[in-house]
1. What residue, among those in region 132-169 that are among the hydroxyl-bearing types (S, T, Y) and under 19 Å from the mean Cα position of the chain (by Cα), is surrounded by the fewest Cβ atoms within 10 Å (Cβ to Cβ)?
2. On the basis of being in contact with a Leu (Cβ under 7 Å, 6 or more places away or on another chain) and touching a residue at least 24 places away in the same chain (Cβ under 8 Å), does L131 make the cut?
3. Out of curiosity, is N190 touching a Lys or Arg at 6+ places or on another chain (Cβ under 7 Å), assigned by TED's automatic domain parsing to the domain that holds T94 and crowded, with 16+ Cβ neighbours inside 10 Å?
4. Consider only pairs whose beta carbons are under 6 Å apart and that are at least six residues apart or on different chains; among these, list those whose first residue lies in region 185-212 and is under 18 Å from E122 (Cβ atoms) and whose second residue is outside any loop (DSSP other than H, G, I, E, B) and among the aromatic types (F, W, Y).
5. Only strands (runs of 3 or more DSSP E) wholly contained in region 64-135 count here; list those with 2 or more residues that are among the polar types (S, T, N, Q) and assigned by TED's automatic domain parsing to the domain that holds L187.
6. Quick one: what pairs do we get from region 114-125, first residue farther than 24 Å from I149 by Cα and at pLDDT 95 or above, second in a strand (DSSP E or B) and of a type outside the set (A, V, I, L, M, F, W, C), C-beta under 7 Å, 6+ apart or different chains?
7. Could you give me the residue pairs with C-beta distances under 6 Å whose first residue belongs to region 148-168 and is free of Cβ contacts under 8 Å to residues at least 24 places away in the same chain, whose second residue is of a type in the set (V, I, T) and assigned to a strand (DSSP E or B) wherever it lies, and which are 6+ apart or on separate chains?
8. Test each condition in (1) farther than 30 Å from Y54 by Cα; (2) touching a residue at least 40 places away in the same chain (Cβ under 8 Å); (3) charged (D, E, K, R) for E181 and report the one that comes out false.
Amino acid sequence: MQNIENMITYVYCCGIKNVWRRNMKKFYLGLFVICLVFIISACSKTEYVNNVEYLKLQQAEVMLTDDKKIVGEMIVPDKKNKSKRIVPMELRYTFTMENTSNNIMALSDSAKTNIRIEPDKELVSAVKEALGSNIYNMDNNKLGIGTSIGEVPSKGTSKFTLSYTLGAKQKNNELPLLPTEEKLKKLQANALKGTLIISQDDKDIAKFRLDSSQ
C-alpha cells in the first residue's frame, strides 16, 4: 500500500514538473519573440530623406508615351460644348533610387518635397524648339507636371517618376497639338542632359547628374 502511495506521489510530482516546464518554455518563447520584434523595429526605423548621403541615383530612364494606362485621359469640351476624351503625350522620367543605409528612407512631408530637372543648354534648346517654351521651368509650365516619390527600403531601391505633359494628337481646347515626330525625337535624345534635384521646404537637398547614370 505504501508503495502505491509513493508511486502516486511520484507521478503527481512529475506531472507538476512537466506542466511547469511547459509553461516556462512558453514564457521564454514569448520573451524571445518580444525581444526579436524589438530588435527588428530598432534596426528598421524610418529615416527622413534629408540623409541624402545614403541616397544614390542608380538609373535614369526617359520615354515618350501616350499609353492611356500610364498617362490616363482628359475630358474636355469641344466646339459644340460636348465632352471629348483625349489622351495626352508625356515625356516621362523614371529614376531608380538606391538607399545604401541600413534604415528605411522616407520623405518627411511629401507635400513639402519636390523633384525637378534643371536642364542643360542642349535640353533647353531642344524643348524650346519642340514646344516653344521651357517646360522644365516649374513656375512657367502651363501644360502639367506629375511626380511620384516615396520611401526607399534599406539596402534597396525604389522608383521615383517625373512626367511633363507635351500636348495631344487631337485638336482640343485644353492642350496644344504635338510638334513633329522629328522634334519629339530630338527632345527625347537630349532629355537626360540635365540634373535631378530633390528639394524640401524650397531648399535643394540633393542633386544627381542624369547622364552619369546611363
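1. Result: S148.
2. So L131 fits the description; yes.
3. Criteria not met by N190.
4. L196/F208
5. Strands (runs of 3 or more DSSP E) meeting the threshold: 88-99, 113-119.
6. Filtered contacts from region 114-125: no entries.
7. Pairs found: S148/T161.
8. The failed condition is (2).
The values are calculated or read from the model by the stated rules, or taken from the named source; none is laboratory data. Quick caveat: nothing in here was measured; it's all calculated off a predicted structure. All Cβ positions, even for glycine, are placed from backbone atoms using ideal geometry, and neighbour counts span all protein chains on display.
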